[in-house]
Structure formats: C-alpha cells, structure tokens
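Structure, as structure tokens:
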Amino acid sequence: MEWETSSCWASASLMAIVLLGYLSSVYGVPQNNDGLCALIVRPMGYPCTEYTVQTEDGYLLTLQRISNGRSALTGYNGPPVFLQHGLFQGGDTWFLNSVDESLGFILADHGFDVWVGNVRGTRWSRKHATLSEHDRAFWDWSWQDLAQYDLAAMLSYIKTETSSKVLYIGHSQGTIMAFAAFTIPDIVKMVEAAALLCPISYLNHISSNFVIRAVGMHLDQMLLSVGIHQLNLRSNIGVQILDSLCDGHVDCGNLLGAITGDNCCFNASRVEYYLEYEPHSTSTKNLHHLFQMIRKGTFAKYDFGWWKNLKHYHSSQPPAFNLGDIPESLPLLIGYGGSDALADLTDLKRTINELKSKPEQLYVESYGHIDFILSVKAKDDAYQDLIRFLQSRASSSSY
Ligand SMILES: *[C@@H]1O[C@H](CO)[C@@H](O)[C@H](O)[C@H]1NC(C)=O
C-alpha cells in the first residue's frame with residue numbers, strides 16, 4: 001500500500017514535471033544561455049527573463065524583461081517601459097555601458113518594469129515559424145513592417161502581461177517605427193507616452209557624408225541586384241563595402257563618426273566590448289526604403305515602382321504616413337543632439353510642425369546620434385529629464 005502510494009506520487013510528480021516542461025516550452029520562459037539576459041544583464045546582478053513573441057507574419061522575436069533594479073524586492077510593480085533600439089543595433093544597446101551609465105539598468109534601478117524589444121533580423125530575433133534566416137523571404141521587409149508587425153506584437157504582449165499601457169522609448173529607427181505605428185489606432189492605444197531619441201521620419205537633410213556617398217553610389221540597388229538581401233556589416237562583404245565607401249572619399253578614421261556625426265562622449269576604451277554585440281544585421285530592403293526617403297524627401301511606405309505600387313497600394317505612388325494622425329493626446333518627448341548627422345534639425349522641425357501635439361523637447365548641443373545611448377554622461381545630460389517625463393506620465397495614470 002505504502003509502495004503504491006509513493007509510486008503513485010512519483011508518477012504524478014513526473015507527470016507534473018513533464019507538463020510544466022511542455023507548458024514552459026509552449027508559453028515560454030526560455031532561459032537561454034546565450035541570450036542577452038545571460039550574457040549582459042544577469043551578470044550585473046539584475047533579474048532578467050526572456051519571452052518569445054510571434055508576429056502576425058511569423059517572425060519569432062525575443063523580449064527581455066528586467067522587472068527590478070539591483071536592490072528592489074521581486075515583483076512587477078513599476079510601470080512598464082519598452083525600449084526600442086535603432087538600425088544595426090539590438091536590445092543590448094541599452095546595456096553596453098556600466099550599470100550607472102546605461103539607460104536599461106538605470107530605468108530598472110528607478111523602479112520601472114523594463115521591457116527590451118529586438119526587431120527581426122537582429123542577433124536576438126532570428127527565427128521564424130516557417131522560414132530560415134538563409135531564405136531570401138526572411139529578409140523581405142523594411143521598417144514599415146517593423147512598425148506594423150514587430151511593434152504591434154511586442155507591445156500587445158507587454159500590455160497583456162502587465163495589464164497596463166506601455167511607456168515607449170525609441171532611438172533612431174525605433175522612432176520612425178513609432179511615428180509610423182502611432183498613426184495606427186490599434187497600436188497607439190497601447191501606448192501611455194513616448195520618448196523619442198534622435199527622431200527620424202523625413203530624411204532628405206541628412207548631412208552624413210558617408211550616407212550621402214552610399215546613396216549617390218546606389219549601394220542599396222547594387223546589393224539587391226547581386227542578390228544580397230541580408231545586410232551584415234560584420235561579414236566579409238560588409239567589411240568590403242565599408243572599405244570601398246571610405247576609401248579616399250570619406251574620412252573613416254572614426255567610422256562611427258563618419259556615419260552618425262561626431263559623438264562627444266562614448267567610452268573609447270569600451271569599443272571592443274561594443275563590437276562583441278554590434279552591429280546587428282538588417283535587411284537590404286530596409287536600407288533601400290530609407291535611401292528612397294533620402295532621395296525623395298518623403299515619409300512614405302516602401303516604393304515598389306509604379307506598376308507594383310498599383311498592385312500593393314492601388315496608387316502609383318506609395319502612400320505617405322500622416323504625422324497628423326498621431327493622437328494629440330499622446331504625450332511626446334523629443335530628445336535630439338546638435339551634432340547629429342542623421343537626425344537633422346531641418347528634418348526634425350518639419351516632423352514637429354506636422355504633429356498635432358507640441359512635444360516636450362530635450363536638446364543636448366554637443367550630442368551626436370549615438371551619444372543618447374552610449375555617452376558616459378547621458379545620465380546627467382538626458383536620462384534624468386527623460387525619467388522625470390516618464391514618471392510624470394506614469395503617475396498621471398494608474399501608478
Ligand atoms: C570606460 O570603460 C572602461 C573599460 O570598461 C572602464 O574601466 C571605465 O571606467 C569607463 N569610463 C567611464 C567614464 O565610464
């Protein structure tokens with residue numbers, strides 16, 4: 001009898017273990033050993049969990065969640081804040097400096113429930129329900145798809161999990177995704193407020209010589225015509241492209257500066273560490289879409305050429321995004337730098353004029369495009385104001 005009971009208990013607990021294993025593989029909290037949590041966040045003493053989210057078009061994206069700072073008790077009490085990285089970057093970008101300098105860690109230490117986005121194609125989000133990253137179709141997207149599908153999937157996951165609207169922080173491509181997505185009522189209704197750092201939408205005043213040269217050489221069309229659909233700057237081809245763009249034409253002694261504008265304040269002795277994670281891949285189609293906008297001065301959907309546009313959009317030109325469709329009631333903070341060669345002030349003024357609301361502005365004269373993420377002084381120069389903005393928005397709702 002006794003034996004029977006214990007065997008029964010044993011098989012029941014075995015079943016429970018199997019069932020738990022099954023449930024966690026389906027609904028998952030995969031504790032990935034080579035994920036961002038394990039490599040960068042947990043070693044610094046922060047709790048970190050990874051979630052997999054599927055987009056409507058089949059991409060499997062990873063979200064990281066840092067629910068507390070180093071000293072707080074466990075539990076998800078703070079307002080959810082979502083961090084959306086830029087082009088050639090991934091969620092790691094918010095954690096690459098020390099814990100007292102990196103926005104991701106600082107937000108966690110301020111009691112926010114920090115969620116980290118990773119768009120398709122980055123090191124942390126390279127899976128799809130049916131496609132492999134080696135398929136051409138895996139790379140058939142541009143930032144409008146990141147807005148429409150990736151943001152929609154990630155924000156709705158966070159909203160469901162936390163039963164709360166989400167505070168949004170985006171940098172660069174993370175801001176053009178936001179501008180596009182916030183014109184879509186089903187997406188913007190999930191957002192409480194948004195802080196947009198180095199915002200881009202119109203791009204025709206870009207002053208980066210490196211980018212202007214790449215646009216002039218039709219680098220985007222060249223790559224597509226030779227069948228390169230994944231743009232990986234770490235690959236041999238990627239390195240050759242960078243070399244040929246620099247060679248004798250652009251001073252690339254400081255490559256990052258040549259691309260983004262002079263950055264005053266990142267930590268030169270950490271560059272090798274940054275390069276362990278960045279740059280991430282993107283699609284050549286995404287680059288092509290951005291270059292179309294630089295050439296045409298539009299903030300519009302991808303241009304397939306007039307014949308295919310008729311099929312996709314029922315008009316010969318791709319439809320423009322209307323910034324006036326972003327609800328006036330959505331609180332916005334815009335952070336920008338005086339030495340940013342990508343988010344140009346002329347383009348930014350046009351963007352702000354077309355918004356219905358009047359965003360709060362946070363201007364740092366000495367900052368280039370990357371300083372808002374990697375400056376060792378960003379906490380004083382920008383993050384304290386940013387956090388004040390988020391706290392005031394969060395406390396005006398349910399917190
Ligand atoms: C710069 O990085 C080095 C190496 O990681 C570190 O020892 C140093 O404290 C950093 N300096 C600043 C100002 O953060």
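The values are calculated or read from the model by the stated rules, or taken from the named source; none is laboratory data. These numbers were taken from a predicted model, which means no experiment stands behind them. Every residue, glycine as well, gets a Cβ built from its backbone with ideal geometry; the counts of neighbours run over all protein chains shown. We work out accessible area using only protein heavy atoms, side chains counted, and drop any ligands, DNA or RNA first. Shrake-Rupley method; radii C 1.70, N 1.55, O 1.52, S 1.80 Å.
Calculate what fraction, in whole %, of the accessible area of the chain sits on carbon and sulfur atoms when a 1.4 Å probe is rolled over the protein chains.
54
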task: List, in order, the whole-Hz ³J(HN,Hα) value for each residue of the stretch 221-229 obtained from phi through the Karplus relation with A = 6.51, B = -1.76, C = 1.60 and θ = phi - 60°; use x for Gly and Pro.
output: 5, 4, 5, 5, 6, 9, x, 9, 9
query: Can you give the angle from 0 to 90° between the axis of helix 384-395 and the longest principal axis of the chain, with both taken from C-alpha atoms, to the nearest 10?
result: 60
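Dipole of the chain, Cα-centred, from +1 at each Lys and Arg C-beta and -1 at each Asp and Glu C-beta, to the nearest 20 debye? Numbers along the way, then the final one.
Values: 28 positive and 40 negative charges, 157 e Å.
Computed about the Cα centre, the dipole is about 760 debye.
How large, in Å, is the chain by the Kirkwood hydrodynamic radius built from its alpha-carbon pairs? Walk me through the numbers before you get to the answer.
Numbers: mean 1/r = 0.0454 Å⁻¹.
By the Kirkwood definition, the hydrodynamic radius is 22.0 Å.
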Percentage relative contact order, the stretch 285-366, counting C-alpha pairs under 8 Å, at least six apart: 25
query: Using the alpha-carbon centroid of each, what span in Å lies between the stretch 350-389 and the stretch 80-137?
result: 20
field: Neighbour net charge for Gln221 - beta-carbon separation under 13 angstrom, K R +1, D E -1
entry: 0
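Please compute the contact order of the stretch 166-305 in relative form: average sequence separation of alpha-carbon pairs under 8 Å and at least six residues apart, divided by the residue count, as a percent. Working shown, then result.
Details: 132 pairs, mean separation 41.8, N = 140.
Once normalised by length, the contact order is 30 percent.
Ser366 to Met44: FRET efficiency via 1/(1 + (r/R0)^6), r the Cβ-Cβ distance, R0 35 Å, to the nearest 0.05? Show your work: numbers first, answer last.
Values: r = 28 Å, r/R0 = 0.80.
The pair Ser366/Met44 has a calculated efficiency of 0.80.
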- request: Once every Cα of the stretch 93-190 carries one equal point scatterer and solvent is ignored, give the base-10 log of I(q)/I(0) from the Debye formula at q = 0.10, 0.17, 0.24 Å⁻¹, two decimals.
  value: -0.32, -0.88, -1.33
The stretch 140-205: radius of gyration and largest Cα-Cα distance (Dmax), Å: 11.8, 41
query: So if R0 is 25 Å, what FRET efficiency would Ser207 and Trp306 give, r being the distance between their Cβ atoms, rounded to the nearest 0.05?
result: 0.25
Charge dipole of the stretch 296-350 about the Cα centre (unit charges at C-beta), most positive-ward option of Leu332, His314, Leu345: His314
- request: Let me have the 222 nm mean residue ellipticity of the chain computed from DSSP H runs of 4+ only, each contributing -39500 (n - 2.57), with the sum over all residues rounded to the nearest 500.
  value: -10500 deg cm²/dmol
message: Can you tell me the orientation of helix 345-354 relative to the chain, as the angle in degrees between its alpha-carbon axis and the longest Cα principal axis, to the nearest 10?
response: 70
- prompt: For the Cα atoms of the chain, what angle does the longest principal axis make with the long axis of helix 2-27, in degrees from 0 to 90, nearest 10?
  reply: 10
query: For Lys296, what is the net charge nearby, where nearby means another residue's Cβ is under 15 Å from its Cβ and Lys, Arg count +1, Asp, Glu -1?
result: 0
task: State the answer as a single residue: which of Leu146, His134, Tyr302 lies farthest towards the positive end of the charge dipole of the chain, with beta carbon charges of +1 for Lys and Arg and -1 for Asp and Glu, about the Cα centre.
output: Tyr302
- request: Using a Gaussian network model of the chain whose springs link C-alpha atoms within less than 10 Å, name the residue from Ala38, Ala341, Ala193 with the highest mean-square fluctuation.
  value: Ala38
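Given the pairs Lys301/Lys356; Lys349/Lys377; Lys165/Lys356; Lys159/Lys377; Lys189/Lys301; Lys127/Lys285, which span a C-alpha to C-alpha distance of over 24 angstrom in this model? Don't jump to the answer; show the numbers that get you there.
Values: Lys301/Lys356 21 Å; Lys349/Lys377 26 Å; Lys165/Lys356 21 Å; Lys159/Lys377 32 Å; Lys189/Lys301 22 Å; Lys127/Lys285 18 Å.
Going by Cα-Cα distance, Lys349/Lys377; Lys159/Lys377 fall outside the 24 Å limit.
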message: Can you give me the accessible area per residue for the chain, using a 1.4 Å probe, in Å²?
response: 45
- prompt: With charges set only on the Cβ (+1 for Lys and Arg, -1 for Asp and Glu), what does the dipole of the stretch 248-399 come to about its Cα centre, in debye to the nearest 20?
  reply: 740
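Any idea what the relative contact order of the chain is, in percent, if you count C-alpha pairs under 8 Å spaced at least 6 apart?
Working: 750 pairs, mean separation 68.4, N = 399.
17 percent.
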message: Taking the Kirkwood radius as the inverse of the mean 1/r across Cα pairs, report the Rg/Rh of the stretch 259-359.
response: 1.05
- request: List the longest stretch of the chain that has no exposed loop site; here a site is one of the trypsin sites (Lys or Arg not before Pro) assigned by DSSP to anything other than H, G, I, E or B, with at most 16 other Cβ within 10 Å.
  value: 235-355
